[in-house]
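Here is the structure we will look at.
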Amino acid sequence: MMGGVSRRLNLAALTDDELQRLVGPERAVSLLPELSLARLDRRALPGPLVSETLAPQPLEDRAWGATPEQSRAITSLHADLLAAGAAPLGTYYLPGVSEVRHLRAYRLEPDSTAGLRWSETPETADTGWPFVQVLTWLRDRASGFACVLTSSARQPYAPALSEEIDMHLHPDCPVPDLLAAHRAHVLRHGRGQKLQADADWTRPWQAMHALNVAAWDRRGLLLPE
């Protein structure tokens with residue numbers, strides 16, 4: 001179950017690139033006739049649910065991965081994060097728009113949280129391949145951005161993220177280099193907000209999700225309740 005109020009994504013309002021990244025090239029092609037008619041008639045084409053609230057479900061810590069290659073990648077990225085000083089906060093199933101719904105959460109002192117993401121049921125090798133994302137909220141928004149997100153995912157996010165998120169994509173970047181790049185991206189804006197020791201790890205991610213939901217609503221990507 002997804003937490004909070006849920007609305008459906010309007011596939012007809014996505015760009016062609018966003019649609020392909022979201023549902024995969026094959027399904028995007030199969031949707032084209034229906035999509036063209038919907039756009040011509042100016043009507044919606046309901047897609048995945050988008051919840052206003054993240055609802056991570058705790059999972060057991062075990063050897064995850066849909067394939068041996070994926071399992072090795074998860075193990076390697078996890079080890080690299082630990083070597084970089086990241087504190088593990090558990091493994092979760094995270095319902096959402098993307099099919100990449102498995103997450104290992106980490107805390108990175110003093111101001112960042114990280115997530116190791118992958119899919120146990122990948123549509124394609126690229127969409128399911130494990131990647132790391134690092135998030136830091138900024139102390140002030142003088143630059144026009146609220147937070148910095150750096151990711152080693154192979155594909156851009158779909159739908160596109162809020163314009164208030166300074167998003168940087170470094171596909172397949174090794175963890176030490178990714179963390180160094182993230183720190184440099186944050187320093188361009190000043191300082192990050194320090195994390196409280198007892199703070200809920202989901203808070204920064206929930207706040208970013210709220211920015212995205214608001215941005216998607218402004219674009220007309222979400223169907224009325």
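List of remarks:
- Screening the candidates Asp166, Asp177 for the property of being out of contact with any Lys or Arg (no Cβ under 9 Å at 6 or more places or on another chain), more than 26 Å from Leu11 (Cβ to Cβ) and outside any loop (DSSP other than H, G, I, E, B) yields one hit, Asp177.
- Qualifying residue in region 206-216 (condition: surrounded by fewer than 20 Cβ atoms within 10 Å (Cβ to Cβ) and assigned to a loop (DSSP other than H, G, I, E, B)): no
- Pair list, Cβ under 8 Å, 6 or more apart: region 187-205 residue closer than 15 Å to Leu149 by Cβ and assigned to a loop (DSSP other than H, G, I, E, B), other residue of a type in the set (S, T, N, Q) and open to solvent by less than 40 Å² (accessible area, probe 1.4 Å): Gln193/Thr136
- Candidate set: region 115-124, residues that are in a strand (DSSP E or B) and either touching a residue at least 40 places away in the same chain (Cβ under 8 Å) or touching a Pro at 6+ places or on another chain (Cβ under 6 Å) (or both); chosen: the one surrounded by the most Cβ atoms within 10 Å (Cβ to Cβ): Leu116
- In region 51-80, the qualifying residues are those that are of a type in the set (Ser, Thr, Tyr) and under 17 Å from the mean Cα position of the chain (by Cα), and the one that is least open to solvent (accessible area, probe 1.4 Å) is Ser51.
- If you go through region 137-184 and keep only what is among the acidic types (Asp, Glu) and under 30 Å from Leu49 (Cα atoms), you end up with Glu163, Glu164, Asp166, Asp172.
- Conditions (1) within 16 Å of Pro56 (Cβ to Cβ); (2) modelled with pLDDT under 95; number of the one not met by Thr91: (2)
- The condition of being closer than 28 Å to Gly47 by Cα and part of a strand (DSSP E or B) does not hold for Leu161.
- Members of region 125-144 found to be open to solvent by 50 Å² or more (accessible area, probe 1.4 Å), within 25 Å of Gly24 (Cα to Cα) and touching a residue at least 12 places away in the same chain (Cβ under 8 Å), listed by number: Asp126, Trp129
Yes/no per residue for (1) among the acidic types (Asp, Glu); (2) in a loop (DSSP other than H, G, I, E, B); (3) at pLDDT below 95:
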site: Arg8; (1), (2), (3): no, no, yes
site: Gly65; (1), (2), (3): no, yes, yes
site: Gly96; (1), (2), (3): no, yes, yes
site: Arg107; (1), (2), (3): no, no, no
site: Pro110; (1), (2), (3): no, yes, yes
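- Leading residue by the ranking (surrounded by the fewest Cβ atoms within 10 Å (Cβ to Cβ)) among those in region 145-170 that are charged (D, E, K, R) and over 15 Å from Pro204 (Cα atoms): Glu163
The values are calculated or read from the model by the stated rules, or taken from the named source; none is laboratory data. These figures come from a predicted structure and were not determined experimentally. Cβ coordinates were reconstructed from backbone atoms using ideal geometry, including for glycine residues, and neighbour counts include every protein chain displayed. Surface areas here come from the heavy atoms of the whole protein model, side chains and all, with no ligands, DNA or RNA. Shrake-Rupley method; radii C 1.70, N 1.55, O 1.52, S 1.80 Å.
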